[in-house]
Structure formats: structure tokens, C-alpha cells
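Engineer: Take this structure, written in C-alpha cells, and hold onto it; I'll ask about it next.
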Amino acid sequence: MAYENLFKPIQIGKLTIKNRIVMTGMATGFANFDGSVTDDLVEYFKARARGGTGLIYTEFCRVDKDAPGGMNQLGAYNIQLAGGLRKVAEAVHRFDSRIFLQLHHGGSMAKYELTGMQPIAPSPIAMPGNLPPREMTIAEIKDVIAKFIEGAKVAQYANFDGVEVHCAHGYLLNQFVSPYLNRRTDEYGGSLENRLRIVKEIMQGIRKLAGPNFPISVRISADDLLGDEGGMKLFEAQEMAKLLESYGANIISVSAGGGLAPQGIIAPALYDQGWLIPLAEGIKKVVNVPVIGVSLIRDFDYADSLIADGKCDMVSMARPHLADASFVNKLRAGHPEQVRPCIVCMHCATSDGRGRLECAVNPTMGYETELKMFNKNGARRKIAVVGGGSAGCEAARVLAIRGFDVTLFERRNELGGQLNIAKLPPHKFRLGWLVKYYENNLERWGVKVRLNTDVTIDMLKEFSPYAVVLATGGTDFIPSFVKIKDSLCCTANQMLLEKVKMEKVKKAVVVGSGMTGMETAHFLLEKGVDTTVVDMLPEIGMQSIGPNIRYLKQFLARYDNYDAVPGVKVLSVENNVITLEKVSTGERYTMQADCTVFASGVKPVNDLAEEVKANFVNTYIVGDSSKIGQISNAVRAGFAAAWHIDDGCDVFDA
């Protein structure tokens, strides 16, 4: 069997898990505001269990109604919530998967905007973007302990297979454990044993309530990732792990970071696969219970090797479960090429921050209730999809599954569109995995692909399709107001494709500090080019939303040959001298560069649109050819167009 180590059963206490693949907790926002379960949440977990996952952890589940870590967070603070949670457990058990309820208290990371209350913490140390907390009294600590125990009672009533005590990622219990965040001088502060006392009392209470055979998992941050500032380090985390085992932990999930170092919670593409595995390996050396390893694990051979090499006992691949709920079954069947890949684009993190989890490459994720049925009424009617980028490929996929006779036309000699450029900056190679996924599977779905084909209106008339999906993408440009004379200028795409003679470029100015501009700057810096990013906005990266731009700004600041100048407008480039104007004062000045790179945005390519609409009633314009957006927008637009052509229902499984 392929991936034989991943598919070996394992014991957690007396509980048998059918394989070593874990979906660790991810905030979804699918619950109701009061934390009660919705149909969307049930179907979300059901899909991952049906997909073959051995062990599923719920998202963080609040034990205190007034200590949420996010919007619409799941709750276990009242026994009345057990009924809804039982639906989740039963849905998962139907497919021989196991599920643990992750018990959580936000502490100083509890959202003031959701509660209107000052958060509490072991010490009054504020987390970024949140109200400073109030130091907890002993009575409040005892109250929190009781609430965790009550949460375990709710889990057991709801027929969960176990619970996880969330002692990681900067939330309340991690705040107690961390020597950086806990400055107390009483019995709950100081030594490791004292800082861990609250966790010990919670675990002892759960064991007394639930009995000896109810598994208790503990998630830890084995490194607070605070560098020289202090905090938990592996050597102390190893001592903590030994204590947790003595307190009754049946399994330890090893992560890192927290509110002060969120890259440990959800790492961007700038980090390497397995970057936290040494922490799991270090914990495994000192305990006798199973250890879960985590950190951007996307290569399934690598995941299998982690088990084979004894670095961990189970492997967490959380976000891959968002991209493809059935990836475990596909691996078991020996078809990794059929797995829709997580491309580490961080759309999930951005969307969760807006209140509801989404996946850029899987539009059905979180909408399994509504979108689990396709209408397979295509009846082999012909569809022309023009453009082989992510929008066109996704439309072709869905239409073919629905039974249409789909032909995809692409003017280049390869599929992928803008993804083939977007994958070129440092650490962005995973975007190419989505292209490979479509290349590997379009034929399997029944799509006919015609590369090197420039579609004309006459060609479409002769083809006579029932519907036309235009996904002709967009192109970058140099703003018309910039005057250019006798200078080396190019767009970001041209630079990334190295259509510029790089040996002549020792110093470059990148105009525009969105993700494209900043990634192009990273590309140049890696080639040893002195690089300055300029932007009209008062702050670099201001127009970009989500964690990617924040991490990238921090990353580029490490380069000695990098500079950033916000609040300036480029007026002209002449003889490689750039004239800029300060937006605030109108003052003009110049800087010199061997090359000026414009990352000024993208404009739609839709030359065919009017003629096609005039000749074909069923015309759909999707992706950048309709409205410039990100990968998530393109994939969703392609999916939506394909879904709504004579929409209806049938079982969906792709």
C-alpha cells in the first residue's frame, strides 16, 4: 500500500484510530453566535470523516460564553449545547473516524468587540489589537478550571471520543504556561510546575469526571517563538510534556507561537515544510504517549517519512482538509495526483478574520449543505470555455462533472494563466500545484483541452456551443500618466518572467506595494539587486488585506539592500532617473535605478466579450476578464458560472 506508515492504526489510550492522519483544529465561524451547532458545521465535519481522516479535532470550542477567540465560535459552556454537538460526533462516527472536542478559553485574546468586556489573563499583558486584560484572582482561576471540566462533561454527553485541552497559541492556558506571559508570584506563577498548575487541575478534574478510558489530548506551544525576548523554549517544553503525561495526557499535539508570534498558529508560504517538526521530535524523545507533528506538511511522502523515521506518531495536515475533504481516501487508493492541493495562499486565514472560513481552491468548503449536489443534466451539450487559467479550468471541471461536453481553449502552450507567473517569486512554488492538479485531471473529468488556440468569434460560431464561458484573464500594465524616455522599464510580470536582462540590473525601483510589488521586490532581492519599493499610499502594503503582506514586509526588512518609500507618486522615468512627487507636500525629487518595475495592477482582457454576448445567449464572463481579483475570486467565479448553467441537483463527489 502507498503511504503504508500513514495508514497504520494507532492507539490513544484504549481508543483505536484507523490511520495517522489528523485534522487539527481550525476556526471556521460556522457555528451560531451563541456557539451552537449549525447544519453547515455538521456537514463540514461529515465531509472530512467521509474523506477518510483518522482523527478530527473540532475548532477551538469556548468553555466560557464570554471568552470567545473569534466570531461564531463553537461552544461547550452549557450542557444544552450537547445536543447539537452530538450531531457532529454521530456524523463523524458514521465513517469510522474519531473526533475530539478542543476546549478553549481566550484569556487576553478574547475578543472585546464581541463581548464588550475586559478580558482576563494570568498577568495584565496585552495582546496586539486587543484591550489590555485584567489579572485574574484565585477565585476566577478556580472558576475557569470548573468551566473546562464542564466543557469535558458536555463533550462526553455529546458522544465525543475525547477532548483536547488547548494549551497553545497564546490563549489562556498558554498564557499561564508561558514564562513571558505569566508574571504571577502566587501558586499559579513562577516555576514550571506552578505555571502548569491550572492545566494539572483541569486534567485531574476531567479524569475524575470522565473516567480512566476517556482520552485527554493536550495541545502545546513547544516554543513561543519570541527569540531573545524569552518565553517557552523546547528544553522547558520537554519538562512540561513529561509533567502533562504524568497528569494523564494520552496524546500531545506539538505546535508553537501565539498572539505575539502568529506564524506558529498558521504559517504563510515563507516558511518551509516541517519547520516545527524538530519540536515534535524533541517532545517525542521524552514521553511515552503519541505525539502529533505539525507545520505546513503538504508532501505526502514527507508525511509518511515522519512516521517511518520516528519523528512523530501522527501527522497534522489541517489546511489540506479544506482544499480537499477526500484527500485521505485518494491517498489510500494510490491517487495523489487527484488531490486538490492546498497552495498555502492564506485565503483561509484572511476569510476567517472576516468571520467565516473559506478555501481559495475549494468553493464548496463550508457550503457542503448547499453545494453538495450537482445537477448532472448536461446531456452532452457543448460548452466552450475560453481561457485556461484558474477560473476557466474550474468552470471546465464543474461543467464536465455535470455531464456537459466541454472543450477548453487556451491561446498559450500551457494551462495556468497568471498562476504560471504568480508561482515564480520566492516560496510561491506551491501555486504551480494547482495548475498541475488541473492538468492531471481535466482529461479524467472528460474535458477536451486545445492549447495554442486563439479563439475568434467565427471559430465559436462554427463550434456552435450551448454556452460560452469567457475566462480570458487580465494583464498588467504601466500607467499612462508616467512619462518614460530612454529608460529600462517593465511590468512586474515581465520581471518575474526575466524578460529583462538581469545582468544589467544592479539597482531597481518597484512601483506599487501590493502583494505583486512586494513579491517582485523579494524576487529581486534574492538575486542580489538593491531594491526600493515606492507607493502613493501613506503606508507600504496598505491596499493588501490579510496576513501575507504583514509577514512579507517583516521578511523583506531583513535585507540590508531593501528600502521602502511610501507617500510618493512616480511622474516620469528618463535616462533611468525617476522623478517622484511627495503626495503630502507636492515636493519633487529624483532617484536613480537601472530598472523601474511597475506593479500597478491588472486590467481585464475581454476583447471577445461584446461579440460573444451578441451571438450567444448563454455567455458567462468570469475571473479577471470580468473583475480583477485573487485566485480565490477566479476559482469561485468559474465554479459559480458552471454551477448555475441550468442548475439542479445530483450527488457531488469530485
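Engineer: Given (1) open to solvent by 60 Å² or more (accessible area, probe 1.4 Å); (2) closer than 21 Å to L552 by Cα; (3) assigned to a helix (DSSP H, G or I); (4) not small (G, A, S), identify the lone condition not met by E443.
Structural biologist: (2)
Engineer: Sticking with this structure for a sec: Under 9 Å between Cβ atoms, which residue pairs at least 6 apart in sequence (or on different chains) link something in the stretch 230-253 that is without any contact (Cβ under 8 Å) to a residue 60 or more places away in the chain with a partner that is part of a loop (DSSP other than H, G, I, E, B) and among the polar types (S, T, N, Q)?
Structural biologist: G230/S178; G231/S178; M232/S178; E245/N288
Engineer: Please determine, by comparing only the residues of the stretch 124-159 that are open to solvent by less than 50 Å² (accessible area, probe 1.4 Å), closer than 27 Å to L226 by Cα and of a type outside the set (A, V, I, L, M, F, W, C), which one is modelled with the highest pLDDT.
Structural biologist: For the stretch 124-159, the residue satisfying everything is P133.
Engineer: Based on what the data block shows, is V533 in contact (Cβ under 8 Å) with a residue 60 or more places away in the chain and outside any loop (DSSP other than H, G, I, E, B)?
Structural biologist: Working: in contact (Cβ under 8 Å) with a residue 60 or more places away in the chain: no; outside any loop (DSSP other than H, G, I, E, B): yes.
Judged against the criteria, V533 is not a match.
Engineer: Name the residues in the stretch 387-414 that are part of a strand (DSSP E or B) and open to solvent by 10 Å² or more (accessible area, probe 1.4 Å), would you?
Structural biologist: Listed by number, the list holds a single entry, D405.
Engineer: So, one more: Looking at (1) part of a loop (DSSP other than H, G, I, E, B); (2) closer than 20 Å to A241 by Cβ; (3) open to solvent by 40 Å² or more (accessible area, probe 1.4 Å), can you tell me which one E193 breaks?
Structural biologist: (1)
Engineer: Please find, among N329, N362, the residue that is under 23 Å from D40 (Cα atoms), outside any strand (DSSP E or B) and open to solvent by 20 Å² or more (accessible area, probe 1.4 Å).
Structural biologist: Numbers: N362 fails: open to solvent by 20 Å² or more (accessible area, probe 1.4 Å).
After ruling out the rest, the residue left standing is N329.
Engineer: Tell me the residue from L85, L81, L103 that is part of a strand (DSSP E or B) and either surrounded by 15 or more Cβ atoms within 10 Å (Cβ to Cβ) or at pLDDT 95 or above (or both), please.
Structural biologist: So the residue among L85, L81, L103 that is part of a strand (DSSP E or B) and either surrounded by 15 or more Cβ atoms within 10 Å (Cβ to Cβ) or at pLDDT 95 or above (or both) is L103.
Engineer: Among residues belonging to the stretch 209-230 that are at pLDDT below 95 and touching a Phe, Trp or Tyr at 6+ places or on another chain (Cβ under 9 Å), point out the one that is nearest to L172 (Cα to Cα). Can you show your working first?
Structural biologist: The first filter runs over the stretch 209-230 and keeps only residues at pLDDT below 95, leaving 227-230.
From what is left, the residues that are touching a Phe, Trp or Tyr at 6+ places or on another chain (Cβ under 9 Å) are 229-230.
Numbers: E229: 20, G230: 18 Å.
Filtering the stretch 209-230 for residues that are at pLDDT below 95 and touching a Phe, Trp or Tyr at 6+ places or on another chain (Cβ under 9 Å), the one nearest to L172 (Cα to Cα) comes out as G230.
Engineer: For the condition among the aliphatic types (A, V, I, L, M), out of contact with any Lys or Arg (no Cβ under 8 Å at 6 or more places or on another chain) and touching a residue at least 24 places away in the same chain (Cβ under 8 Å), what is the one hit in A323, A391?
Structural biologist: Values: A323 fails: out of contact with any Lys or Arg (no Cβ under 8 Å at 6 or more places or on another chain).
Of the residues listed, the single one that is among the aliphatic types (A, V, I, L, M), out of contact with any Lys or Arg (no Cβ under 8 Å at 6 or more places or on another chain) and touching a residue at least 24 places away in the same chain (Cβ under 8 Å) is A391.
Engineer: Is it the case that Y57 is touching an Asp or Glu at 6+ places or on another chain (Cβ under 9 Å), open to solvent by 10 Å² or more (accessible area, probe 1.4 Å) and at pLDDT 95 or above? Walk me through it before giving the result.
Structural biologist: On the way: touching an Asp or Glu at 6+ places or on another chain (Cβ under 9 Å): yes; open to solvent by 10 Å² or more (accessible area, probe 1.4 Å): no; at pLDDT 95 or above: yes.
No, not satisfied.
Engineer: Need a quick list: strands (runs of 3 or more DSSP E) entirely within the stretch 536-654 having at least 1 residues that are open to solvent by 30 Å² or more (accessible area, probe 1.4 Å) and of a type in the set (A, V, I, L, M, F, W, C).
Structural biologist: Strands (runs of 3 or more DSSP E) meeting the threshold: 562-565, 568-574, 577-582, 588-592, 602-604, 619-621.
Engineer: Restricting attention to the stretch 576-589, does a residue exist that is within 17 Å of A395 (Cβ to Cβ) and either within 37 Å of the chain's Cα centre (by Cα) or among the basic types (K, R) (or both)?
Structural biologist: Initial filter on the stretch 576-589 (within 17 Å of A395 (Cβ to Cβ)): none.
No: zero hits.
Engineer: Confirm whether A249 is out of contact with any strand residue (DSSP E or B) (no Cβ under 6 Å at 6 or more places or on another chain) and at pLDDT 95 or above. Before the answer, list the steps.
Structural biologist: On the way: out of contact with any strand residue (DSSP E or B) (no Cβ under 6 Å at 6 or more places or on another chain): no; at pLDDT 95 or above: yes.
For A249, the condition - out of contact with any strand residue (DSSP E or B) (no Cβ under 6 Å at 6 or more places or on another chain) and at pLDDT 95 or above - is not met.
Engineer: Return yes when E414 is more than 22 Å from A634 (Cα to Cα) and free of Cβ contacts under 8 Å to residues at least 40 places away in the same chain and no when it is not. Quick ask: steps written out before the conclusion?
Structural biologist: Details: more than 22 Å from A634 (Cα to Cα): no; free of Cβ contacts under 8 Å to residues at least 40 places away in the same chain: yes.
Criteria not met by E414.
Engineer: Kindly establish whether L556 is touching a helix residue (DSSP H, G or I) at 6+ places or on another chain (Cβ under 9 Å) and over 30 Å from S351 (Cα atoms). Steps first, please.
Structural biologist: Details: touching a helix residue (DSSP H, G or I) at 6+ places or on another chain (Cβ under 9 Å): yes; over 30 Å from S351 (Cα atoms): no.
No, not satisfied.
Engineer: Moving on. Being within 15 Å of T24 (Cβ to Cβ), in contact with a Leu (Cβ under 7 Å, 6 or more places away or on another chain) and among the hydrophobic types (A, V, I, L, M, F, W, C) narrows it down to one of C359, C312, so name that one. Please lay out each step first, then the result.
Structural biologist: Numbers: C359 fails: within 15 Å of T24 (Cβ to Cβ).
One residue alone meets the criteria, C312.
Engineer: Any chance the stretch 160-174 includes a residue that's within 27 Å of G13 (Cα to Cα) and surrounded by fewer than 18 Cβ atoms within 10 Å (Cβ to Cβ)? Give the steps one after another, and end with the answer.
Structural biologist: Just the residues of the stretch 160-174 that are within 27 Å of G13 (Cα to Cα), to begin with: 160-169, 171-174.
Going one step further and asking which of them are surrounded by fewer than 18 Cβ atoms within 10 Å (Cβ to Cβ), we end up with none.
No - not one qualifying residue is present in the stretch 160-174.
Engineer: Something else: Restricting to the stretch 262-289, what's the tally of residues that are out of contact with any Ser or Thr (no Cβ under 9 Å at 6 or more places or on another chain) and either open to solvent by 10 Å² or more (accessible area, probe 1.4 Å) or assigned to a strand (DSSP E or B) (or both)? Reasoning before the result, please.
Structural biologist: Of the stretch 262-289, the ones out of contact with any Ser or Thr (no Cβ under 9 Å at 6 or more places or on another chain) are 262-263, 266, 268-270, 278, 281-289.
Right, trim to either open to solvent by 10 Å² or more (accessible area, probe 1.4 Å) or assigned to a strand (DSSP E or B) (or both) and you get 262-263, 266, 269-270, 278, 281, 284-289.
Residues in the stretch 262-289 being out of contact with any Ser or Thr (no Cβ under 9 Å at 6 or more places or on another chain) and either open to solvent by 10 Å² or more (accessible area, probe 1.4 Å) or assigned to a strand (DSSP E or B) (or both): 13 in total.
Engineer: Further, regarding this structure: Determine which member of the set Q73, Q118 is in a loop (DSSP other than H, G, I, E, B), crowded, with 24+ Cβ neighbours inside 10 Å and in contact (Cβ under 8 Å) with a residue 12 or more places away in the chain. Please lay out each step first, then the result.
Structural biologist: Details: Q118 fails: crowded, with 24+ Cβ neighbours inside 10 Å.
Result: Q73 is the single residue among Q73, Q118 that is in a loop (DSSP other than H, G, I, E, B), crowded, with 24+ Cβ neighbours inside 10 Å and in contact (Cβ under 8 Å) with a residue 12 or more places away in the chain.
Engineer: Of the residues V294, V287, which is farther than 30 Å from G129 by Cα and of a type in the set (A, V, I, L, M)? Give the steps one after another, and end with the answer.
Structural biologist: Values: V294 fails: farther than 30 Å from G129 by Cα.
Sole residue among the options that is farther than 30 Å from G129 by Cα and of a type in the set (A, V, I, L, M): V287.
Engineer: Wholly within the stretch 446-521, which strands (runs of 3 or more DSSP E) include no fewer than the required count, namely at least 2 residues that are modelled with pLDDT of 95 or more and within 35 Å of the chain's Cα centre (by Cα)? Talk me through it step by step, then tell me what you get.
Structural biologist: Numbers: elements: 448-450, 467-470, 474-476, 483-485, 489-491, 507-511.
The strands (runs of 3 or more DSSP E) meeting that bar are 448-450, 467-470, 507-511.
Engineer: On to the next question. Any idea which of (1) part of a helix (DSSP H, G or I); (2) open to solvent by less than 20 Å² (accessible area, probe 1.4 Å) is the one G52 doesn't satisfy?
Structural biologist: (1)
Engineer: While we're here: Kindly check whether there is at least one residue in the stretch 272-294 that is modelled with pLDDT under 95 and within 30 Å of P426 (Cβ to Cβ). Reasoning before the result, please.
Structural biologist: So the first thing to find is which residues in the stretch 272-294 are modelled with pLDDT under 95, and the list is none.
Taking every residue of the stretch 272-294 in turn, none turns out to be modelled with pLDDT under 95 and within 30 Å of P426 (Cβ to Cβ).
Engineer: Are any residues in the stretch 2-27 closer than 16 Å to P290 by Cβ, in contact with a strand residue (DSSP E or B) (Cβ under 7 Å, 6 or more places away or on another chain) and either of a type outside the set (S, T, N, Q) or open to solvent by 20 Å² or more (accessible area, probe 1.4 Å) (or both), and if so, which ones?
Structural biologist: Once the filter is applied, which keeps residues that are closer than 16 Å to P290 by Cβ, in contact with a strand residue (DSSP E or B) (Cβ under 7 Å, 6 or more places away or on another chain) and either of a type outside the set (S, T, N, Q) or open to solvent by 20 Å² or more (accessible area, probe 1.4 Å) (or both), the stretch 2-27 yields L6, P9, I10, I12, L15, I17, R20, I21, V22, M23.
Engineer: While we're here: I need every pair where a residue in the stretch 446-470 that is over 19 Å from F639 (Cα atoms) and open to solvent by 90 Å² or more (accessible area, probe 1.4 Å) has its Cβ under 8 Å from the Cβ of a residue that is assigned to a loop (DSSP other than H, G, I, E, B) and basic (K, R), sequence separation at least 6 or different chains.
Structural biologist: N452/R411; N452/R412; D454/R411
Engineer: Sticking with this structure for a sec: Checking V435 against (1) within 32 Å of the chain's Cα centre (by Cα); (2) over 30 Å from L525 (Cα atoms); (3) of a type in the set (A, V, I, L, M); (4) open to solvent by less than 40 Å² (accessible area, probe 1.4 Å), which test does it fail?
Structural biologist: Of (1) within 32 Å of the chain's Cα centre (by Cα); (2) over 30 Å from L525 (Cα atoms); (3) of a type in the set (A, V, I, L, M); (4) open to solvent by less than 40 Å² (accessible area, probe 1.4 Å), only one is false for V435: (2).
The values are calculated or read from the model by the stated rules, or taken from the named source; none is laboratory data. Quick caveat: nothing in here was measured; it's all calculated off a predicted structure. Heads up, the Cβs are rebuilt from the backbone with ideal geometry, glycines too, and the neighbour counts pull from every protein chain shown. To get the accessible areas, we keep the full protein, side chains included, count just its heavy atoms, and leave off ligands, DNA and RNA. Shrake-Rupley method; radii C 1.70, N 1.55, O 1.52, S 1.80 Å.
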